[in-house]
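Only one structure is covered here, and it is reproduced in the block below.
The values are calculated or read from the model by the stated rules, or taken from the named source; none is laboratory data. Predicted model only: the values in this text are computed from it and were never measured. Here Cβ is always computed from backbone atoms with ideal geometry, including for glycine, and neighbour counts include all displayed protein chains.
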Amino acid sequence: MYRYDALDQRLVDERVAQFRHQVERRLAGSLSDDEFKPLRLMNGLYLQLHAYMLRVAIPYGILSAAQLRVLAAVARRYDKGYGHFTTRQNLQYNWIRLEDTPEILAELARVGLHAIQTSGNCIRNVTTDHLAGVAADEIEDPRVWCEIIRQWSTLHPEFSFLPRKFKIAVTGSPADRAATRVHDLALRMVRDESGAAGFEVIVGGGQGRTPMLGATIRAFLPRQHLLSYLEAVLRVYNLYGRRDNLFKARIKILVAALGVEAFTREVETEWEQLRDGPLALPEAEQERIAACFRRDYGPSEDPAGDQAGLAAERRLTPAFDRWVETNVFSHQVAGYAAAMVSLKPPGGVPGDATAEQMEGLAALVERFSRGELRVSHSQNLALPHVKVADLAALWRGLDELALASANIDRAGDIIACPGLDYCSLANARSIPVAQALSERFARPGRSEVIGPLAIKISGCINACGHHHIGAIGILGVDKRGEEFYQITLGGSAGTGAAGTAALGTLVGPSVPALAVPDTVDAILDVYLARRQEGECFLDTWRRVGLEPFRSRLYAERGNAEKGNAEKGNEGHGEAGHDAA
């Protein structure tokens, strides 16, 4: 993994010192809350419903065991003993005191962690595939380019005050495990006719109140021109992006307003002035950074024997067999595998990990994954360098930490934002709904029958839970002061069995929180009754369409209303009888 150099460390240390002084001035009253707000946001510090929240950057989702231990220590000493891993491959602390923040940042800085550009109208933490560098279907390791973008974008003077926040994702695989189509800008590794690797450039995706899928503005960009082209895109956005309306400031609105062709022409014109300038990437620099990510695994001693041993262990231990089936993925190197750690236990809070779990996991990462951990955009973790022969021992270690849930990409692997339990922007709670659903899916055999399924929950229209791209999306809304939930179907990030990226379609009436599990069950009953052999939920949805699902939900609502009316009539009759 890439190690910060002296320049990186100096930048982080100086930022800590600056913010320490700013906090002291705020506490002393020499800075007003309005004056302090932009300063704290530039350091990842939000004021939420009950306390300050600190968002820690984890560039392209990579953590060392040492960094994980520091994150655990901060959780224990300064928070309530846990951290929350997010869909942007970051970590959040939800119960921070303002006066503790400078010391927290100082402790993080000692292991190369910080909170720079985790907030504000800037280029946010660049995300990528959690299996980058080890996925068997990869064209090229995207982490190299994520690091190059990180170095270019950090405190970039021209792009520190953009019209709105700006999110970039990079994927090296056709399977797209980085949800590229719903990013402001995305890069997908492709090859041209000669076999040379480069990038498909996608711009204008996003979720929130105006969800859109990104459009391709360049089918192939040579690698050496990466930064000059990104600079051109950001310059066009900075110049034309709206600053008069917060809700129309994202680049997706600009692309839609200009049209993809006109926007592309603007970018290409700007790029012509930049392409052969100092932003051109020398091959030597590309190679220098690429070398930081290479690993020498050495020859596998007995791949066939390892696989035979794994098969035998799976036959002996059904729980381990289920975990391998859902949580273990193929690797580029024979004799190795990538193992996913679910942060979605039945009844748990999606994405949360206790300090004890993080410390225990750090030990397992050192023992089984060469000291490296990954954070996924689905709020889970990955050990990318596990010997096949060690999978059973790793599983036992995870089981002792209550981290061995076998549900990756299954119904219980629910993405959820913090919702109204923490967020001042939310209309409804997300966490209790996710907990209720995950407990229902924990019933023996239920998840296995359903198969791959992505359920995503947001507590408001800002869509931090990615509900727009959930096969089943759930959105919390305020209905005359009560929490209700809208259901969308057919969304997809374009990952795995989900195939092509798509935005969900609203189906049926909104329902109260207690009705959400039954509503989801009704949807799944339609799917199970109508699916054909080999179909996942999205396959069936795309084949049969909206109507069977909508009819079932409206029928359910009608039955419920009829039942309530009958109960009401019974009650009136009894009251009249008593009065008589």
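To keep it simple, each residue is scored yes or no on (1) surrounded by fewer than 12 Cβ atoms within 10 Å (Cβ to Cβ); (2) within 17 Å of Gln151 (Cβ to Cβ).
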| site | (1), (2) |
| --- | --- |
| Met1 | no, yes |
| Arg10 | yes, yes |
| Ala17 | no, no |
| Arg20 | no, no |
| Leu41 | no, no |
| Tyr46 | no, no |
| His50 | yes, no |
| Arg55 | no, no |
| Pro59 | no, yes |
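Annotation: of all residues in the stretch 206-248 being surrounded by 19 or more Cβ atoms within 10 Å (Cβ to Cβ) and small (Gly, Ala, Ser), the one that is nearest to Leu185 (Cα to Cα) is Gly214.
Regarding Val134, is this residue in a helix (DSSP H, G or I) and modelled with pLDDT of 95 or more? The answer is no for Val134. Looking across the stretch 473-493, the residues that are within 20 Å of the chain's Cα centre (by Cα) and either free of Cβ contacts under 8 Å to residues at least 60 places away in the same chain or farther than 18 Å from Gly545 by Cα (or both) come down to Gly473, Ile474, Leu475, Gly476, Thr488, Gly490, Gly491, Ser492, Ala493. Residues that are within 29 Å of the chain's Cα centre (by Cα) and touching a residue at least 24 places away in the same chain (Cβ under 8 Å) within the stretch 298-328 comprise Ala319, Phe320, Arg322, Trp323, Val324, Glu325, Thr326, Asn327, Val328, listed in sequence order.
Here the stretch 425-447 is the region considered, the condition is being at pLDDT 95 or above, out of contact with any helix residue (DSSP H, G or I) (no Cβ under 8 Å at 6 or more places or on another chain) and under 19 Å from Leu475 (Cα atoms), and the residue that is surrounded by the most Cβ atoms within 10 Å (Cβ to Cβ) is Ala434.
Among the residues making up the stretch 79-131, those that are crowded, with 24+ Cβ neighbours inside 10 Å, in a strand (DSSP E or B) and hydrophobic (A, V, I, L, M, F, W, C) are Phe85, Leu91, Ile123. Can you pull out every residue in the stretch 6-21 that is among the charged types (D, E, K, R) and either in contact with an Asp or Glu (Cβ under 7 Å, 6 or more places away or on another chain) or more than 10 Å from Gly112 (Cβ to Cβ) (or both)? Of everything in the stretch 6-21, those that are among the charged types (D, E, K, R) and either in contact with an Asp or Glu (Cβ under 7 Å, 6 or more places away or on another chain) or more than 10 Å from Gly112 (Cβ to Cβ) (or both) turn out to be Arg10, Asp13, Glu14, Arg15, Arg20. A single entry from Pro142, Pro157, Pro163 fulfils the requirement of being closer than 28 Å to Pro278 by Cα and surrounded by fewer than 19 Cβ atoms within 10 Å (Cβ to Cβ): Pro157. Is it the case that the stretch 404-411 has a residue that's out of contact with any Ser or Thr (no Cβ under 6 Å at 6 or more places or on another chain) and among the hydroxyl-bearing types (Ser, Thr, Tyr)? No, there is no match, as no residue in the stretch 404-411 is out of contact with any Ser or Thr (no Cβ under 6 Å at 6 or more places or on another chain) and among the hydroxyl-bearing types (Ser, Thr, Tyr). Condition (residue is touching a residue at least 12 places away in the same chain (Cβ under 8 Å), in a loop (DSSP other than H, G, I, E, B) and in contact with a Lys or Arg (Cβ under 7 Å, 6 or more places away or on another chain)) applied to the stretch 44-57: is it met by at least one residue? Yes, some residue in the stretch 44-57 is touching a residue at least 12 places away in the same chain (Cβ under 8 Å), in a loop (DSSP other than H, G, I, E, B) and in contact with a Lys or Arg (Cβ under 7 Å, 6 or more places away or on another chain). Inspect the stretch 379-392 for any residue being in a loop (DSSP other than H, G, I, E, B) and either in contact with a strand residue (DSSP E or B) (Cβ under 9 Å, 6 or more places away or on another chain) or free of Cβ contacts under 8 Å to residues at least 12 places away in the same chain (or both) and give the result as yes or no. Within the stretch 379-392 (the criterion being in a loop (DSSP other than H, G, I, E, B) and either in contact with a strand residue (DSSP E or B) (Cβ under 9 Å, 6 or more places away or on another chain) or free of Cβ contacts under 8 Å to residues at least 12 places away in the same chain (or both)), the answer is yes, since at least one residue qualifies. Listed here are the helices (runs of 4 or more DSSP H) enclosed by the stretch 190-295 that have at least 2 residues being of a type in the set (Gly, Ala, Ser) and either in the same structural domain as Tyr336 (by TED's automatic domain parsing) or out of contact with any strand residue (DSSP E or B) (no Cβ under 6 Å at 6 or more places or on another chain) (or both): 226-240, 251-258, 283-293.
On inspection, Phe441 passes the criterion of being touching a residue at least 12 places away in the same chain (Cβ under 8 Å) and closer than 19 Å to Lys344 by Cα. Could you say whether any residue in the stretch 505-524 is under 23 Å from Arg552 (Cβ atoms), assigned to a loop (DSSP other than H, G, I, E, B), within 22 Å of the chain's Cα centre (by Cα) and modelled with pLDDT of 95 or more? Checked against the condition, which is being under 23 Å from Arg552 (Cβ atoms), assigned to a loop (DSSP other than H, G, I, E, B), within 22 Å of the chain's Cα centre (by Cα) and modelled with pLDDT of 95 or more, the stretch 505-524 yields no hits at all.
Applying the set (1) at pLDDT 95 or above; (2) of a type in the set (Gly, Ala, Ser); (3) more than 30 Å from Lys248 (Cβ to Cβ) to Ala115 leaves exactly one unmet item: (3).
Examine the stretch 285-293 for a residue that is surrounded by fewer than 14 Cβ atoms within 10 Å (Cβ to Cβ) and among the basic types (Lys, Arg), and state whether such a residue exists. Yes: the stretch 285-293 contains one or more residues that are surrounded by fewer than 14 Cβ atoms within 10 Å (Cβ to Cβ) and among the basic types (Lys, Arg).
Have a look at Leu373, Leu361, Leu343, Leu310 and point out the one that is in a helix (DSSP H, G or I) and within 24 Å of Pro59 (Cβ to Cβ). Result of the check over Leu373, Leu361, Leu343, Leu310: Leu361. Taken as a whole, the condition of being within 18 Å of the chain's Cα centre (by Cα) and modelled with pLDDT of 95 or more applies to Gln207.
Conditions tested, residue by residue: (1) among the charged types (D, E, K, R); (2) modelled with pLDDT of 95 or more; (3) surrounded by 19 or more Cβ atoms within 10 Å (Cβ to Cβ).
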site: Phe320; (1), (2), (3): no, yes, yes
site: Thr326; (1), (2), (3): no, yes, yes
site: Val333; (1), (2), (3): no, no, no
site: Met340; (1), (2), (3): no, yes, yes
site: Leu343; (1), (2), (3): no, yes, yes
site: Ala353; (1), (2), (3): no, yes, yes
site: Glu356; (1), (2), (3): yes, yes, no
site: Leu364; (1), (2), (3): no, yes, yes
site: Phe368; (1), (2), (3): no, yes, yes
